[in-house]
Amino acid sequence: MGTSLDVLKHEMVPNHQIMDDEEVTDLLATYHLSLDQLPKIYHDDSAVKAIGGEVGDVIRITRESRTAGRAEAYRLVVKRPKK
Amino acid sequence: MNSDMEQRIDSLGLPYRTREDLKASLTGRDVTAEQFEDILTMVFSEYEKSRIEPCEAVGVVAAQSIGEPGTQMTMRTFHYAGVAEINVTLGLPRLIEIMDARREPSTPTMAIYLKDDWMFSRDRAREVSWQIEAAPLHEFGDITIDMENMQVLVMLNKAVCDRRKISVEEILEAAPRKIREKRHFRDFDVEGDPKKAVLAFTPKNRESYQNLFQLAEHVRNIIVQGIDDIERVVVRKEGGEYILYTEGSNLKGVFEVEGVDTARTRSNNISEIADVLGIEAGRNAIIQEALNTLNEQGIGVDVRHIMLVADMMCMDGEVKQIGRHGIAGEKESVLSRAAFEVTVNHLLDAAIANEVDELNGVTENVIVGQPIQLGTGDVKLIAKPTNLKI
């Protein structure tokens with residue numbers, strides 16, 4: 001039937017964006033983090049599939065925050081563990 | 001204010017909303033460079049003051065801030081809140097449900113928004129609702145059991161079919177197919193007559209009446225139109241547009257129906273949202289649902305506490321419950337886990353697996369009687385002797 005679903009257009013889905021290597025290095029340096037300390041997102045997450053992210057990518061999520069107005073969060077794409 | 005000042009504001013490490021507010025209050029005013037500097041210093045120091053300090057125990061504060069108002073919530077509600085006729089779990093049971101990250105809420109519902117062409121007319125909204133509301137075969141006509149010929153006869157009512165925008169042929173095709181697929185019941189033959197709008201089911205075993213009645217039961221209740229999980233749809237007018245409220249939830253199915261606005265339609269089933277729209281949408285759903293539940297009871301909890309809980313639940317890429325099968329059960333420390341629930345099991349398992357507790361967390365250190373790593377307890381001083389003579 002007619003309607004096709006674009007996950008990224010849904011109100012509840014914030015903007016997802018794949019970060020390039022340079023940005024990732026910057027990010028890890030500013031927060032003194034290692035890659036695996038970032039929050040995770042699964043490779044088969046609908047939003048990740050929609051922007052074509054792959055395992056190992058870091059996704060920048062620009063959320064509409066109720067306190068700060070706009071806030072950035074970062075997630076590392078990992079493979080979904082087998083149950 | 002000039003563009004230089006605007007750039008200055010943007011280059012500061014302030015949150016987006018603070019920056020916008022500052023710009024808004026400065027536009028159209030004459031501010032000298034000196035005054036501007038003063039304002040910036042003030043804003044910055046206020047902002048620094050409002051920040052959470054390092055080593056602050058935000059988790060405990062959040063837990064208390066949600067827990068205490070929780071004691072004032074209703075234990076059991078059978079209210080028909082929000083929408084007429086649709087029952088929704090509210091109050092404490094709903095809050096517990098959210099935190100437990102149940103696969104299926106006890107009362108799943110959806111708010112289905114419609115696209116421009118459908119949202120302004122009740123009739124057109126009804127049309128969409130027919131495609132969504134699960135309708136069993138007995139609503140489309142009379143079903144009789146013919147004991148003499150061992151048959152179940154379905155006489156379709158053409159007026160009903162027309163009203164619900166489904167052709168007789170579609171029903172004739174869908175009914176037997178769905179009985180086979182969804183109910184895994186295959187011991188029957190079927191004969192359909194589109195002209196007379198009659199469908200005749202014959203069981204393979206023609207000796208058993210029990211079999212015949214069983215078949216009749218399947219025929220009566222098989223869903224021929226709509227989405228299986230959605231039991232009821234109510235059309236309501238809100239703010240000039242028609243919105244469908246449902247009992248039962250199936251995001252994926254509803255998104256495929258023509259006329260549904262896939263950008264606004266939402267469900268109260270959090271794990272379904274996380275599955276269909278991704279973990280970030282799941283996080284938003286947790287915040288919204290928890291906040292709505294609390295506000296509906298007249299309880300104001302700061303959104304930061306709920307955001308912290310939602311962040312913890314969605315940290316690992318899927319929605320995890322707060323509890324022994326989720327966040328509390330996956331802690332690194334044995335003592336911390338044992339302190340939460342099922343103490344003996346955790347200690348026993350840890351002993352068998354030869355686990356070591358590094359004593360990094362708060363709970364473990366309280367148990368063994370050491371200073372905890374929070375607030376001033378997290379600061380370690382090392383004396384650097386400068387004029388020490390050995």
What's the total number of residues in the stretch B:265-274 that are under 18 Å from residue A:44 (Cβ atoms), more than 9 Å from chain A (Cβ to nearest Cβ) and touching a Leu at 6+ places or on another chain (Cβ under 9 Å)? 1
Of the candidates B:359, B:381, B:347, B:308, the one satisfying the condition of being among the hydrophobic types (A, V, I, L, M, F, W, C), over 29 Å from residue A:42 (Cα atoms) and modelled with pLDDT of 90 or more is B:347
When residues of the stretch B:301-323 are filtered for being without any contact (Cβ under 8 Å) to a residue 40 or more places away in the chain and within 20 Å of residue B:91 (Cβ to Cβ), how many remain? 2
List every residue pair whose Cβ atoms lie under 7 Å apart, where the two residues are 6 or more positions apart in sequence or sit on different chains, the first residue falls within the stretch B:199-227 and is within 20 Å of residue B:166 (Cβ to Cβ) and of a type in the set (D, E, K, R), and the second residue, located anywhere, is assigned to a loop (DSSP other than H, G, I, E, B) and open to solvent by less than 10 Å² (accessible area, probe 1.4 Å). none
Against the definition (more than 30 Å from residue A:59 (Cα to Cα), surrounded by fewer than 22 Cβ atoms within 10 Å (Cβ to Cβ), of a type in the set (Asp, Glu) and within 14 Å of chain A (Cβ to nearest Cβ)), how does residue B:258 come out, yes or no? yes
List the number of the failed condition for residue B:297; all other conditions in (1) over 22 Å from residue B:57 (Cβ atoms); (2) within 17 Å of the chain's Cα centre (by Cα); (3) not small (Gly, Ala, Ser) hold. (2)
Would you please name the residue that is farthest from the chain's Cα centre (by Cα), looking only at residues in the stretch B:116-151 that are farther than 12 Å from residue B:258 by Cα and among the small types (Gly, Ala, Ser)? B:141
Any chance you could count how many residues in the stretch A:43-67 are open to solvent by less than 40 Å² (accessible area, probe 1.4 Å), over 19 Å from residue B:273 (Cα atoms) and among the aliphatic types (A, V, I, L, M)? 2
Filtering the stretch A:24-42 for residues that are in contact (Cβ under 8 Å) with a residue 24 or more places away in the chain and open to solvent by less than 60 Å² (accessible area, probe 1.4 Å) leaves a count of 7
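Could you check how many residues of the stretch B:314-331 are open to solvent by less than 20 Å² (accessible area, probe 1.4 Å) and either more than 11 Å from chain A (Cβ to nearest Cβ) or not in a loop (DSSP other than H, G, I, E, B) (or both)?
4
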Enumeration of residues in the stretch B:275-299 that are touching a residue at least 40 places away in the same chain (Cβ under 8 Å), under 17 Å from residue B:69 (Cβ atoms) and either open to solvent by 10 Å² or more (accessible area, probe 1.4 Å) or at the interface with chain A (Cβ under 9 Å from one of its Cβ atoms) (or both): B:289, B:296, B:297, B:299
Might you let me know whether the stretch B:335-344 holds any residue that is modelled with pLDDT of 90 or more, over 29 Å from residue A:42 (Cα atoms) and either within 13 Å of another protein chain (Cβ to nearest Cβ) or open to solvent by 80 Å² or more (accessible area, probe 1.4 Å) (or both)? yes
The condition from (1) away from every other protein chain (no Cβ under 14 Å); (2) touching a helix residue (DSSP H, G or I) at 6+ places or on another chain (Cβ under 9 Å); (3) not aromatic (Phe, Trp, Tyr) that residue B:41 misses is numbered (2)
For the stretch B:235-242, does any single residue satisfy the condition of being over 19 Å from residue B:92 (Cβ atoms) and either within 11 Å of another protein chain (Cβ to nearest Cβ) or surrounded by 19 or more Cβ atoms within 10 Å (Cβ to Cβ) (or both)? yes
Would you mention how many residues in the stretch B:106-123 are of a type outside the set (S, T, N, Q) and buried (at least 16 other Cβ atoms within 10 Å of the Cβ)? 9
I'm told residue B:316 meets every condition in (1) closer than 30 Å to residue A:44 by Cβ; (2) out of contact with any strand residue (DSSP E or B) (no Cβ under 7 Å at 6 or more places or on another chain) except one. Can you identify the failing condition by its number? (2)
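The values are calculated or read from the model by the stated rules, or taken from the named source; none is laboratory data. What you see is a predicted model; the values in this text were computed from it and never measured. Glycine gets a Cβ as well: all are built from the backbone with ideal geometry, and neighbour counts include every protein chain shown. Heavy atoms of the whole protein, side chains included, go into the accessibility calculation; ligands, DNA and RNA do not. Shrake-Rupley method; radii C 1.70, N 1.55, O 1.52, S 1.80 Å.
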